[in-house]
Every structure is written in C-alpha cells, then in structure tokens.
Amino acid sequence: MSFTLDEREKIQAAYEQSSIPAVPDSLKNYLDGLVDVSSQETLAQDTADSSAGGWGRYAAMAACVCVGIAGGVLLSQFGLQKTVPNRTTVVAATDIASTGITSTSVHQTWVQRVADYQSLYTEKTIAALSPTREADALRLLETVNQLKPTRTGIPDLTEFGYTFARAQQLGFNGTPLVQLVYAKPGSAPMAFCYMSGDTGTQREFQVADVHGLGTASWATGGQHFVLVGDEPASVMSEIHRAIEVVF
C-alpha cells in the first residue's frame, strides 16, 4: 500500500499527537537489572525514549530477552544445548555402522569386543568336543558366505598344540562374524574371528595385550581378522603366518 505525501504528513501528525502510556516502573526496574550499569551510560537513546514515552529503549531490551529465551528453548528442544556442569554436549547420534569398518576407531571397537567375549572362556567352556564339529562348521561357513560373500576356511593349528573345537556365527554392526574356537590342554581356548569389510581394506598385523590375552588383528583383501589366545606375541605372529596360508 502506498500513501501520498499529504496522507503521510497527516499520519505523522496524528502519531505525534497521540498519547502513549509511560513505561511501568516495575518493567523498568526488571529490564534495568538485566543490563550492566556501565553499558547503560553508552546507550544513546534519549531522543527515542522521550518521543515514545520511554518505550523505545525498553521495547528493544524486552525483544532481546525474548529472543534469548526462545533461542534457549529451541536449542534444548533439538538436542543442541551444552550442559556445562557435567561437561557433556548433546548432539545427534552417529550410527557407528555408517562409518564403515575402514575407520580406525570402528576397527579397534570390534577387536575389543572380540577380546572381551573371549576373555570369558575357560578350558571347560569347550570341554566336550562334538565328533561332527568339522562338518557342522563347514555348513555354517557356507551359510555365512551366502549371507555375505566371505573367504572362509578352518586353519590347521595342531602344530601349535591347538585342536579345532567349534564354529559360531556372531555379528558386528549387522555384518556376519565367524568365530572359530580351538582347544589346548591346560590352556585357555583360542579364538580366530573374521568378517568381511570394504574391498581393498588393508591393516598391518599388530599384537596387543587385552585382559591378559594376546590379541592380534589385521586386515587384507577387504577382510578383517582377530586372533585371541593365551600366547606371547612371538607365538601369535607364528600362528598368524600359518593362518595366512589359508586366507
């Protein structure tokens, strides 16, 4: 909508003659308390205050307060507000699976989980060996390969004193995980686990001590491996070389 010059002058005159109520003292005191005294001296709003019953300055201050409150509500509503006392920040959750097994942190997570699980095994856990364990394991490996193409096999570790005991299908972030368990008289069971990952993934062989067990991990040809047993790093390296013949 547009106005002529004459109409605008009439509107201006009517506005200047109108009576605008003064700002209530209670509101003045409340808003003044929100502003530092030293900063008040720098506010050059005298002209605006006198021309509008004092509302110009306080309306702006009230608007700032409202914006601050509204902003806090929105931040809290959408999980973006930072909680200082607990030093925690609520952010959108990241699905660890979406990063892929190529991520170093994800690789370390799955190695840690395998080691945690294997640390619960004792010699009695696999005391009774099934006479059909190898045939059962081959059927399981075939099933896993159908779910997700994976190079499978059962390495022969008898030269290290280990006898194949059983195979299990586990999982990590929705990906099938094969666990092969080996028994050794007088020793904790050894577990050899593997699962497929991103094509071309390569990780150097490394050994760490987790829960007092030798824990070796590596990746090659897009497949990830973890070997957990009660053996020193030197023996774990020898077993790793024997496994590489199969994989």
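Coordinate-derived values only; no laboratory data. Here the structure is a predicted model, which is why all the values come from computation and not from measurement. Using ideal geometry, Cβ is built from the backbone for each residue, glycine included, and neighbour counts are taken over all protein chains shown.
Amide H contacts under 5 Å for Gly153: none, restricted to partners 5 or more places along the chain or on a different chain, H placed in the peptide plane at 1.01 Å from N.
Cα gyration tensor of segment 117-247, axes a ≥ b ≥ c as square roots of the eigenvalues: rounded (a/c below 1.5), prolate (a/b > b/c) or oblate? Oblate, since a/c reaches 1.5 and b/c is not below a/b. Label separation (Thr163 vs Thr109): 3.9 nm, computed from points 7 Å beyond Cα along the C-beta direction. Charge tally for Leu157 (other residues, Cβ to Cβ under 15 Å; Lys, Arg +1; Asp, Glu -1): -3.
Applied to segment 166-178, the Karplus parametrisation 6.51 cos²θ - 1.76 cosθ + 1.60 on θ = phi - 60° returns per-residue 3J(HN,Hα) values of 5, 10, 9, 9, 10, x, 9, 6, x, 9, x, 10, 8 Hz, with x for Gly and Pro.
Neighbours of Asp230 by Cβ distance under 13 Å: Lys/Arg scored +1, Asp/Glu scored -1, total -2. Given their separation in residues at 0.36 nm each and the Cα-Cα distance between them, Ala242 and Arg139 gain 34.8 nm when the chain is fully extended. With K and R counted +1 and D and E -1, the other residues having a Cβ less than 15 Å from that of Val178 yield a net charge of +3.
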